[in-house]
Amino acid sequence: MLTLHHQRPALAHVPSSPATLRLPYTPASALAARRMVRAKLTEWNLPHLTDDAELIVTELVSNAAKTGCLTAIRVSITG
C-alpha cells in the first residue's frame, strides 16, 4: 500500500475528503495516481504542492510496479 499524506497548514482550509485508487501493478498506473494527486491538491487549493507530490507518487508507483508481486497497488491521499 502506498499512501501520500499531507499535513494541513495552520491557516489553510483544506477539506478532509480523502481519495483512494486501486491500480494494477503496471507502469501506466503512475499516470492515474498523478491525476488523482493533482485533482485533490487543486480541490484543496494547494497547487504549490502539486509538482513535488506528483514526482513522489510517480516514483512510488513506478517502483511498486517494477517490484510488486501482488495484484493491485492502493494509492491514497488524505488532507
Selection from region 64-79 of residues that are at pLDDT below 85 and open to solvent by 70 Å² or more (accessible area, probe 1.4 Å): K66, T67, C69, L70, T71
Top-ranked residue in region 1-60 [being over 10 Å from the mean Cα position of the chain (by Cα) and small (G, A, S); ranked as modelled with the highest pLDDT]: S29
Those residues of region 27-49 which are buried (at least 16 other Cβ atoms within 10 Å of the Cβ) and either outside any helix (DSSP H, G or I) or of a type in the set (V, I, T) (or both), in sequence order: V37, W44, L46
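The values are calculated or read from the model by the stated rules, or taken from the named source; none is laboratory data. Values in this document were obtained by computation on a predicted structure and should not be read as measured data. Every residue, glycine as well, gets a Cβ built from its backbone with ideal geometry; the counts of neighbours run over all protein chains shown. Surface areas here come from the heavy atoms of the whole protein model, side chains and all, with no ligands, DNA or RNA. Shrake-Rupley method; radii C 1.70, N 1.55, O 1.52, S 1.80 Å.
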